[in-house]
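See below for the structure under consideration.
What follows is calculated from the coordinates using simple rules that are stated; it is not laboratory data. Since the model is a prediction, treat every value here as computed from it, not as a measurement. Virtual Cβ from ideal backbone geometry, glycine too; neighbours counted across all protein chains shown.
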Amino acid sequence: MVYYPQGFCFPVEVGNVTSDHSRIFENDEEFGGIRQVRNVPLSVLFRNQRRGGKRAKKMICSYGLSNLWEQFITLTFAQKSKENPNGINRYDPFEAKEKFDLFYRHCKRLFPDCKILAVWEYHKRVDEYGARALHFHVLASGLKFPLKPHTDKEGNLIYTKAGNPLFELTDKDWPFGLTTLALLPLDGRDNPRVVNYIIKYCTKFYKADEDGKVSKHEETDTYGAHRYFHSRNLECMEREVLKIPDDEVFRIAAENDYVVYKAKENIVVFRKYEV
């Protein structure tokens, strides 16, 4: 629950303002790529792109917290070579997303009622040309694939930070590289933690400074970038805006077991923690 102490002010003229919602860029087949079809100030373009990143985070949170997840899966790609003909060019985002689409179709064909929410992330390490490989983080439920233990080179089991054993998908279900799979508690108590974990990946990227040091940055202005994927059968939480007296906010929060998570001058965020 989010409370805005300062309220909102709308100019009277807002009801008579018309805006142009046509696309700024479009895919032109004759032109052979993306071309600009409407001139706008760069500040407007960057603002819209940043808003897109924020909307993606909100939607991932909405889908993630509205569904019960059973598995947390990481899908990586092996580089194609003579020794590994099933690999791909893992530095090509189009090919990587195409292989993920094959995996999604494979899941839906075997388990039609399964639920999937995925984000993709670029590796920190770059190749000789400065490109970064891609991998996927997936929340899933309803998948009944056979699993094998995830072990190190000496055959020892590998565990998560929470002490739970890690597993892998078989090569039949994911032939393109390595995988890890963690089973999540069926009571949903880990849902907020894993959802917060994948949210940070939808806008994370790495950038090198003048000295060549690579660090993590928050990227919210890639035009038209799809930042997440979800199956169509997911539940999504509804948002409701209420106008109530200021002195009633904390009373309503307390009565519904919400506690203050973050408080600033212009915003107070309440969260409800399951016992």
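Computed extension gain for Glu154 through Glu83, at 0.36 nm per residue and net of the alpha carbon distance, reaches 23.4 nm.
With R₀ set to 41 Å, the beta-carbon distance separating Ala254 from His226 gives a calculated FRET efficiency near 0.55. As a rough guide to protection, the peptides 251-264, 182-195 ranked by mean Cβ packing within 10 Å, highest first, stand as 182-195, 251-264.
Length available on full extension from Phe94 to Met59: 0.36 nm per residue minus the Cα-Cα distance, which gives 10.3 nm. Looking at the square roots a ≥ b ≥ c of the eigenvalues of the Cα gyration tensor of region 65-150, which shape do they give, rounded for a/c under 1.5, prolate if a/b is larger than b/c, or oblate? Note, shape of region 65-150 comes out prolate. Pairs spanning more than 31 Å between alpha-carbon atoms, out of Lys80/Lys124; Lys58/Lys97; Lys144/Lys200; Lys97/Lys200; Lys58/Lys124; Lys54/Lys80: Lys54/Lys80. Spacing of the modelled spin labels on Arg189 and Ala162, each 7 Å from Cα toward Cβ, amounts to 0.9 nm.
State the dimensionless ratio Rg/Rh of region 229-273 (Rg: radius of gyration of Cα atoms; Rh: Kirkwood radius). Checking Rg against Rh, the ratio lands at 1.10. Region 184-203 and region 69-144 have Cα centres spaced 18 Å apart.
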